[in-house]
Structures are given as C-alpha cells and as structure tokens.
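Working notes, beginning with the structure itself.
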Amino acid sequence: MNMIRLSARMLLRDWRAGELHILTLALVIAVSGVATVGFFSDRVQKALVRESNQLLGGDLLVTSDSPLLPAYAERARKLELETTSLTRFPSMVSFEDNNLLTGIKAVAPGYPLRGVLKLADPPTDDTAIRPVRMAHGIPRPGTVWIDEKVMTGLKVTVGDKIEVGALEMMVTALVASEPDHSVGFVSMNPRLLMNEEDLAATLLIQPGSRVSYQLLVAGDEHRVAKFRRWIDDRLAPNERVEGIQDARPEIRSALDRASKFLSLAALASVVVAAAAVALATRRFIQRHLDGCAVMRCLGATESDLMRLYLYYFVMLGTAASLLGCVFAGLAQEVLSHWLAELIGIQLPLPTALPAMQGMLTGLVLLLGFSLPPLLNLRQVPALRVIRRDLELTNVHSLAGYGFGLAMLSTLFIWKAGSLMLGIMIMLGFLLAIVLFGLFGLLLIRLFLLARPQGSSPWSYGLANIRRRAIPSLVQATALGLGLMALLTLTLTRNDLLQDWQSRLPEEAPNRFLVNIQPDQQAALMTFFDEHAIVRPEIFPMVRARLMKINDQAVSLDDYPDPRAKQMVNREFNLSWTDTLQQDNEIVAGHWWKADVISSEPELSMEVEFAKTLGLKLGDRLTFYTGGGDFSATITSLRTVDWDTFHVNFFAVVRPGVLDNYPASYVTSFYLPSERARILQDLVRAFPNILIIDVATVIERVQSMIEQVTRAIEFVFLFTLLAGFAVMYAAIASTQDERIYEAAIFRTLGARKQQLARAWAVEFAILGALAGIFAAAGASVLGYLIGKYALHITYTPNIWIGLVGILVGVVGVTVVGLLGTRATLSEPPLLTLKKIA
Amino acid sequence: MAKHLSTEQSTLTNNSQPIIQAYDLTREVDTGETMLTILQDINLQVRAGESIAVVGASGSGKSTLLGLLAGLDVPTHGTVYLDGEDIFKLDEDERAELRGRLLGFMFQSFQLLPSLTALENVMLPLELSGASNAREAAQVWLTRVGLENRVKHYPKQLSGGEQQRVAIARAFVTQPKMLFADEPTGNLDAATGAQIIELMFEINREQGTTLILVTHDEHLSARCSRIIKLVAGRAVD
C-alpha cells in the first residue's frame, strides 16, 4: 500500500480541519526563532568581526620593511578583494622654527577599507566638544591631514604650510580619529596623513630608512581566508600578516563572549520551543486516539500506523521548518534594517547555515519530542471504538522524551560550539525536569491531602489539579522549563551582561607609557602627583627573544599555526613581580613564594599563550636579551583577564632573576579625553617615553558590548514569543477536556463566572508551580553558566524567585483564561453535540 | 452487478457452513480485589447470511460479546472462528488484517474521523488495504446510501442520520462477509433510526452479509433471523 500517499492525504486533511495549527505554530515559532537568531547572530558576529577589523583598517594587514611584492596585491584583486597600500615611517616635520618627530602615513585611494577616518574642526578657546565629520577619501596631493598633537607641537593650524622632507604641503584638515590607530602597540604620536603620490617627492625614503610597507585587504570572509592561506605560505621572514584576531587579546575575548551570549540566547528559545512541541503533541495524541482505534478496527496493522505517522510527521516537520525559515528570512531582514541603524553598523549578508540549522532544529524538535509518544498511538486498543474509556497507557513515556533530549543535546553541543556549554545546559534542563517532576508530584500529593470543603473556586480549582494530576504535572513542568529559559536569559542579559560591562569600568586605563627608564620612575610619579592623577602601578620589562625550548633550538617551521609562528617570531616582554596581579589566576603549577628560593629561575606563562606554543609545566625556555642568554623553567600557568586593560605580560619571572639585564618600565593609567593635553607636558618632560593611546580600542570594545546587549535584547523577544507559544500549547493541551467539562457544568447550572473562577485558580496554581520551578532552575543555571561558560561570578538574587512566581501566576492565568474564553461562551448543547 | 452475483453465489455455496463459531467464550476482568465475570461460556454458531440480534440489559455483556466476536478484544478463555480461522491464534496485527478483509463495523457513536470528509471516511478502509479504486468505490457507496450531494461534507456538518449513512457506506465499501453493528440507532431519533435500519437491512440482503447486531430495540431485534439474549453474561433462551 502506498503509505506515503495516504500520510500526505491525512496530513492535508488534518491541516484543513485545523488539527495541526498549534503544533505547526509551535514548530514555526521554534524554527523561525532559531533561524532568525541564527541569521541575525551570524550577521552580527560577522559585523562584529568586521567592526573590529576597523582597528586594522581592513580585514587583513600585510606588513614588511621592504616594498611588498606586487604579486600580493594582484592575488588579492584576483580573489575580488579590495586592496590599498600604506607606507608608514617616522620623520621630522617642520613649521617655522618648530620641529616635531612625527609618524607619517602615506595612503592610497581606498584607505581605509574598514572603519572611517574622522575629521574635526580646529579647536577654539571656548569649546571642548567639536563637531566631528567623516572624511571622504584621502588627502589630495600636495596636502596633509594632521592630528592634534602635530597641531599643538608645531603650533600650526588648517591652512598653514608645513615642511615634510623636501616638500612643502598645506594642512587641510585635522584628524579626530583613525580606524587603524593603535593596533599592536606600534603607533607613535603625533601623526600625519599624506597622499602616497607625494611620497617620492619628499625624498624621505632612502636606503636604510625605517619604513613599514603595508597592504590592506578586505572583502568576503571566505576569500579573505583563502588569501590568508595563500600568503601564509609565501611570506618572507621580514613580512607578516595580521587579522584582528591576531591583534588584540581584548578584542578576541570580547568577540568570544559575544558569540557565547548570542548562542545562549538562541538555545533558550530552542528549549522553550521543545516544551511547546511536547505539549502540542499531547493534544494531538488525545485527538487522534479515536481515529487510530477506528483504523485498527478497519484493518490497519501496528506497522501501518507507525509508518503512517512517521511519514506524516517527517512531512509536517519539513513543511513547518521550511515555513519557519521563510519567516526567519523575512524577520531578520526587517530586523537588520532597523537594528543596523540602531547599532550603527552595516550588517553583512547572512550565510545559509542558519537556515540549515533551523531546518534541523525543526526536525529534531518534532521527531525527538513528538514522534516517540506518537508512536505509542499505534498501540491504541481497537476496542476503544466500543469502550471510549480505554486510554493509551504510556503517552508520556520518559524514554520517549529521553530520545528528544538526546537529540536536543546534540543540537546544543553543535550550536553552542562548545561541548562544555552544551552538555551543561542539557544536564541542567534534564536535572530540572526530574526535580520538577518529583517536586510537583509531591505538591500534588499535598493537594490531595488538603481538600478544602464547600464549593469555593479554590476547591474546584484544586480538584481540577488533582483530577488531571499527570497532565497538570506535565503542563507545569513544560511551563516551568519555558519560564526557566526566559528567566535564565533575563539573568544573562541583565546580571551577567552588567557584570561584563562593569568589568570594563568607565575609567579603564586608556594610556600606556612604555620605555620608562629606571631613573625616571620617581620623576614620573611626581608628574602624576602634580597633575592630580592617581599613581599607577609600574612594571619592569625586559625585551627578549625565545631561542630554545628544553634546549632545542626554536624553529619557525615547528609551528604550522600562523599565530604561533608570529608569537615565536616577535620579541617577548618579560616582567617580574612578587605578587600575582589581581586579574590573573593560577590554573596549573604554583606561584612562587618569597621565602622559598629555587635553584632554577621560575617562569609563569599565560595559559592561552602556552597552549598556542605547545608549552607545558616544567618546560625550560631559553631567551636572548640585550644582556645575554637567560633560562627559566615554567612553574605555573595563569589566566589573564584581558578585559581589564591593565598592563599584563605573557611571561613573568621571580624578582631578582632579571636584575642584570637591561630593563625599562611600563605603566597604564586613565586619562579622560578632555585632559589629553597633559600628554603634551608629559612628552616634553620625558621625551623618550612612548605614549600609547588605547582609548580607541576601549571605545570599540565598549560599543561592541553595547551592540551585543541590544542584539540579545532582540533575541530575547523571540524567546518571549516562544514562551507564549508554550503557554498557549499548555492551555490547549487540556482544552478538549475543559470544553467537555464546561458543557457539563453549565448544563448542571454553573454560571460562567463560577467556572472561570475555578479555572483561574487552577491556572494560577499551575503558574505558581511553574514559577517556582523556573526560578530555582534559572538561578542554578545562571550561576553555572556564569561560572563555567562565561567566567563571571553570578550571585543568585531573591527577586528572580518573586518575579518567576509572579510571571508564572499572572502569565498562565491570563493566557489560560483568554484561551478558554470562547469555551465558556458556547451553548452547552452545541458543545456536547460536538463531543458526541 | 457481477460482483453482487458472485458474492451471493459464494454465500450460497457456504450456506451450510457456519461462518462464525464461538466456543466457551468467557471474559473476566480483574477489578483489583475480585475477578468479575462479564461473559461466561458463550457458544454460538452463525451461518453465512444469517442475521443475529444480541439483546439484553445494560451491563449484560452485549458489547463485550461483539468485541470478542470481532477480535477487538481477547477472551479469558474460549475460541472464535471467523470464516474458518481461529482468530485468537493470530496476533493483533493479523487480526487487524483479517478485520480489514472480512468485517464491516457500525457503532452507536458513528466513529467517523472528524478531520475527513464523508467521501474520505468511506475511502479510508480501502486506502488502508491499498485498494486502487478507493475514490470511485466510495463515491458509488455514498450514492447508494443517498448522500451523493454530501460527499465533501465533514462529519460535524452532517446530521446524526447522515453520519450513520456514511458509516453504512464505510462498512460495506470493502464488501465484508460479516457486519458487526453496536447499537447503530442508539444515538438517533426513532424516525431516523427506522430509516437507517431499513437501509442497513436492505443492503445487507443485497450483499448477503452476515449480520451481528447489538441492540436494545425490540423492533430491530424482531427483524433478525435469530435473537441471542444475554443475562449477566450468560446466554438464555
């Protein structure tokens, strides 16, 4: 027999008859929620990466100290990538009697490929805030754009002509900010921007000049990756390539966390949807019991019914998931339009992956959560056609839902992109279901003991809960799970997010001072005192190059990972200290004790850095410094919280070990931008000290956090929608019984209001149960996620409990009464006729 | 028409053979405390083409007997042969297949699938057995029961009498050898019930179907060739 055709026909008939609306609705919300979140976070994540690429001015930056091979740019263009070239070098710039060592950047059309160059008007005496405008293009030949430091240093303003090498060029604009200003601690103040065409005529570039030749590349992410693979194999030793991920650990860490937040939000809507699907299935089964019994009676075998429903649900799942994806496509488009404006970034086009994830989610949800109980339908006793009281025995088989949970776990692990996070969330929900079930059973038993007398709504409501003990439990658990997901999300959104934001304080250090000489320390502190700046902590630093690991010479060829290659290739900053910094944490080995002197110099490594280079505890590293070779053994690994923007080092040794090597000092402090002029005094007082401005980086990270917060708020709406679907499905799952019950009660003379009150009590109790479950579950889950996945300490708060119960009671009661309103208004005879 | 003839011929040739045989049919139910006997030692032989009325008070075991004879339920002990086959030696699926092949059903509550139209309800048993001409056959049968203008209506859009007509069409569309009817007029008013009974007996005669009818209705039972009266689970004469 052609079961597929029969299934398709039954599916169409059921759809036409409105039997599938709730299930389909739950599924479509789930899939469109997941896919919209997927599409959207895909786009936001891509945008965030691109946004942070603004710090480079492009997606990739190739740098060399000799002119780059034209083949590089050609290759990039062949891959349809945008390119532009830069030349950077330091040089003296003069105006009248003033000379100033300036970082010069000669740029070609197209610069910057990512981010914007902002120009400002020259300052007037009375205004601290000046309008900033976007630059169109680059300086025209014969003109330069300068920053404020050049302006004050040379005492020039817009319209003046300054000497740059052999050329005299007119200042036509003041640069407020450059996108690629402070990457990799290489920037030098002050800065001047000129057109590449003028470069030769300045005669500034001579053999032996310290020049960086750079190629900026931007475009489609896959092509960029392709280009990177291509060029990685061809780079000469004096050339290097960086993407944003290589540039700053702070940005990396922010991006990682952002993507975790977003996938967390997406997962919450999946859980909520799962509960909705499970509930809608319950109703579906109830309504199909008779049909199955009739079919059994008319000669259908168990395997006929099984195949019938398997095909049926695969078709339903596919159709609903497709529909969900279409909705998601539209929703994310609409959303991106207004959100892109809101968050001020251009969102790149999404990939097809989220649609596939959405489809898969739909099928996993439907097949995982509804098929196992559905397949029990085939065991419906045929005798039910004569004896309607014969029910299906194990509609809520644990094994059935176990299968769904297993499928969901797999999905979670995949979607979370982290085994740990996925497993944790799943175990959390699993444990929650078990505990909810047990606790709920206990409460319902208690209701059984407490039988209020009389005919108050309370006694009817309680009686209803008792009578529908198992369905009530299932409803409360599903509602509880939905609410728990919502609450967990609220926690992450508010508490966890706030926690993150507060870790990047308003006054995070935004200026780094490098190259402080040992004898300048005291004078520098006096300078801080004089300018009313809190004395910052100051750290010693010795520059060194890694030569050997366990007495084996280090070779670049040992590191296929370009990131590792780059780390090995560049100079290390070694520091020493007695005490572990507050934002560091030992994760392996031991920090040294001041009174225990070891025979071999000890070294503490940042754990991610060690991982990249394949270093472990006990490895002996040999460095070359200006003062000769030096060896130390790794005795501890530590994590560093880069978000704090404090001075931190990958490698730290015990004090005393590096006493005989040439050291300089480094520090960081917070300087509000309106006091930036102090820096001029600082430069004058300590001409050798290099000031590094990380304000831009901090601003970027802060704005990223803000964007992510908004994105999560949006995603939250979907979870909310899914939450309503759960409530609706939960209410609908007992709708048929309720309709019947209402008809009988009303026939017996019950007033509408009496019934409504009794149901309100029932809904309120269900809601309260769900709220208690949800609040407890969410607090635990929030704590665990904070601790293990996001590395943030979250303290559960009492409000969650109150809010959970309140939302549960009010939400379920309101939705429940709205959902049953029609039932109450119908004439009882009509209802009873329908049932018959 | 040729089909009708062949059916009648086969009924005629089998006329001497009982098509339903039940021996010592007993059904007990465990109430938790005691065993309750619902049906006790029923022996029954029904020849092809016969019509049997099973009568008795509520709770006398009428529906239980029907369920057992049709293989919808399993007896505590005893055997039932349908068309020579010992149905309780078959498993549940084989019995389902046998029902689809040999039996037609009518119920007090009609038992039409609410999501299917009249036509689709009649097509269902044929679709389940994989027959290729389901639509045409169903159409023919709906016309036969006088519902040719109601084929696209859903059960809830049909009156009780119309619903039971659909059920008659569904019962006969597979050309069963036996028809099991459980209080077919129980949900209908007297006039409609009479029409339905008229139609049912008429088609039954045409098709030469063996009829087992559970009913309270004395008029109805009087039209049957034999009456089996049940009192507290036992057959009395």
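The values are calculated or read from the model by the stated rules, or taken from the named source; none is laboratory data. Computed from a predicted model, the values in this text were never measured in an experiment. Don't worry about glycine lacking a Cβ; one is built from the backbone with ideal geometry, like all the others, and counts go over all protein chains shown. What goes into the accessible areas is simple: the full protein's heavy atoms, side chains included, and nothing from ligands, DNA or RNA. Shrake-Rupley method; radii C 1.70, N 1.55, O 1.52, S 1.80 Å.
Remarks
- Residue-level accessible surface for A:Lys616, protein heavy atoms, 1.4 Å, Å²: 120
- When the C-alpha to C-alpha distance is required to be over 24 Å, the pairs from A:Lys105/A:Lys565; B:Lys89/B:Lys177; A:Lys118/A:Lys226; A:Lys226/A:Lys565; A:Lys611/A:Lys787; B:Lys152/B:Lys177 that qualify are A:Lys105/A:Lys565; A:Lys118/A:Lys226; B:Lys152/B:Lys177.
- Helix B:190-207 and the longest principal axis of the Cα set of chain B meet at an angle near 90°.
- Shielding by partners - mean other protein chain Cβ count within 10 Å, residues of B:71-77: 3
- The mean number of partner chain beta-carbon atoms within 10 angstrom of a residue's beta-carbon across peptide A:16-23 is 2.
- Potential lengthening between B:Gln45 and B:Ala131 on full extension [0.36 nm per residue; Cα-Cα distance subtracted]: 27.8 nm
- Per-residue mean of foreign Cβ neighbours for B:86-99 is 3 (Cβ atoms of other chains, 10 Å radius).
- Residue-level accessible surface for A:His288, protein heavy atoms, 1.4 Å, Å²: 20
- Distance from the range A:514-574 to the range A:278-299 (C-alpha centre basis), Å: 72
- Antiparallel %, DSSP beta bridges [both residues in the range B:18-236], to 5: 50
- Inter-label distance, nm, simple model (7 Å from Cα along the C-beta direction), A:Tyr740/A:His222: 5.5
- Extension gain (nm, one decimal) between A:Arg821 and A:Thr351, 0.36 nm per residue minus Cα-Cα: 164.8 nm
- In whole percents, the pair-distance distribution calculated for the range A:535-669 from its alpha-carbon pairs, binned every 5 Å from zero, is 2, 10, 20, 24, 22, 14, 5, 1, 0.
- Residues in the range A:274-282 carry Karplus couplings, in order, of 4, 4, 4, 5, 4, 5, 4, 5, 4 Hz; the curve used is 6.51 cos²θ - 1.76 cosθ + 1.60 with θ = phi - 60°, and Gly or Pro positions show x.
- Folded to 0 to 90 degrees: helix B:134-144 orientation relative to chain B principal axis, Cα: 90
- DSSP beta bridges fully contained in the range A:535-669 are about 80 percent antiparallel.
- Per residue, the accessible area of the range A:535-669 comes to 48 Å², computed with a 1.4 Å probe over protein heavy atoms only.
- Between A:Leu330 and A:Asn569, the simple label model (points 7 Å from Cα in the Cβ direction) yields a spacing of 5.1 nm.
- Area accessible to solvent at A:Asp232, 1.4 Å probe radius, in Å²: 50
- The residues neighbouring A:Thr301, those whose beta-carbon lies less than 11 Å from its own, together hold a net charge of -2 under the Lys/Arg +1, Asp/Glu -1 convention.
- Stretch gain in nm, segment A:Asp629-A:Arg140, where the contour uses 0.36 nm per residue and the Cα spacing is subtracted: 171.0 nm
- Largest-first ordering by accessible area, 1.4 Å probe, given options A:Arg282, A:Arg545: A:Arg545, A:Arg282
- In order along the range A:367-375, the Karplus-derived 3J(HN,Hα) couplings, from 6.51 cos²θ - 1.76 cosθ + 1.60 at θ = phi - 60°, round to 6, x, 9, 10, 5, x, x, 5, 5 Hz, and Gly and Pro are given as x.
- Overall, chain B carries a charge dipole of about 660 debye about its Cα centre when +1 sits on the Cβ of Lys and Arg and -1 on the Cβ of Asp and Glu, all other atoms neutral.
- Among A:Trp799, A:Trp759, the sequence by solvent-accessible area, most first, with a 1.4 Å probe is A:Trp799, A:Trp759.
- In summary, the convex hull built on the alpha carbon positions of the range A:1-41 has an orientation-averaged projected area of 3.6 nm².
- Residues within the reach of a label modelled at A:Arg210 (point 7 angstrom out along Cα to beta-carbon, backbone nitrogen below 20 Å), restricted to the range A:516-547, are A:516-518, A:541-545.
- Ordered by solvent-accessible area of protein heavy atoms (1.4 Å probe), largest first, the residues A:Ile146, A:Ile22 come out as A:Ile22, A:Ile146.
- Here each label is just a point 7 Å from Cα along the line to Cβ, and for A:Lys155 and A:Glu507 those points are 3.5 nm apart.
- Here the Karplus curve 6.51 cos²θ - 1.76 cosθ + 1.60, taken at θ = phi - 60°, turns the phi angles of the range A:509-515 into couplings of x, 10, 10, 10, 10, 10, 6 Hz, with x standing for Gly and Pro.
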